[in-house]
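Take a look at the structure below.
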Amino acid sequence: MIKPIQKAESTVTHFAPDEKDLAILRLLQQNARITVKEISGKIHLSTTPVHERIKRMEEAGVIKQYAALVNHAKVKKGLMVICYVSLKQHNKNAGAKFIKTIHELHEVIECYNISGEFDFMLKVVVENMDAYYDFHVNKLSQSENIGHVQSVFVMGIIKQTHVLVH
């Protein structure tokens, strides 16, 4: 469940969070479903200022979205693969086409433009090795301008977090 933040053009160009803002962010990172009333009780502010602070952080783009974190294995996505991809051509048009393709591939849950030997790093989740083979051969490798793909299979997750504010 992803709930994107609806925002108008923000007039805030710089956001400097204070201790109360950081406390709110810590609580929201632990549980995005926490109520404004619960937050206000924990950080000792009334509900109106808490609500205004959250709204301000949403409008400033500090809070990008609210999401449910799902256990991959419980939804038949037990195989995680990191794919390093290099493109044959390195121009704006070729890069844009690749990025458009990646957005259409539901198996890809993260994509980073990286430096070094490869151009992109993809985080792919699928049910099993057969599903990954199908993805690799029939989808990713069929994409226009793919030069080289290197797949690294995740054997275990040691640390996985979305917490940025401590």
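The values are calculated or read from the model by the stated rules, or taken from the named source; none is laboratory data. Every value quoted in this text rests on a predicted model; they were computed, and no experiment measured them. Cβ sites come from the backbone with ideal geometry, for glycine too, and all protein chains shown count toward neighbours.
Summed over the stretch 115-136, the residues that are closer than 26 Å to ASN71 by Cα and exposed (fewer than 11 other Cβ atoms within 10 Å of the Cβ) give a count of 1.
For SER151, the conditions (1) at pLDDT 95 or above; (2) in a loop (DSSP other than H, G, I, E, B); (3) among the hydroxyl-bearing types (Ser, Thr, Tyr) are fulfilled apart from (2). Mind checking which residues of the stretch 26-35 are under 12 Å from HIS162 (Cα atoms) and either in a helix (DSSP H, G or I) or of a type in the set (Phe, Trp, Tyr) (or both)? Those that are under 12 Å from HIS162 (Cα atoms) and either in a helix (DSSP H, G or I) or of a type in the set (Phe, Trp, Tyr) (or both): ARG26, LEU28, GLN29, GLN30.
Among the residues making up the stretch 83-122, those that are assigned to a strand (DSSP E or B) and within 19 Å of ASN145 (Cα to Cα) are CYS83, TYR84, VAL85, SER86, LEU87, VAL108, CYS111, TYR112, ASN113, PHE120, MET121, LEU122.
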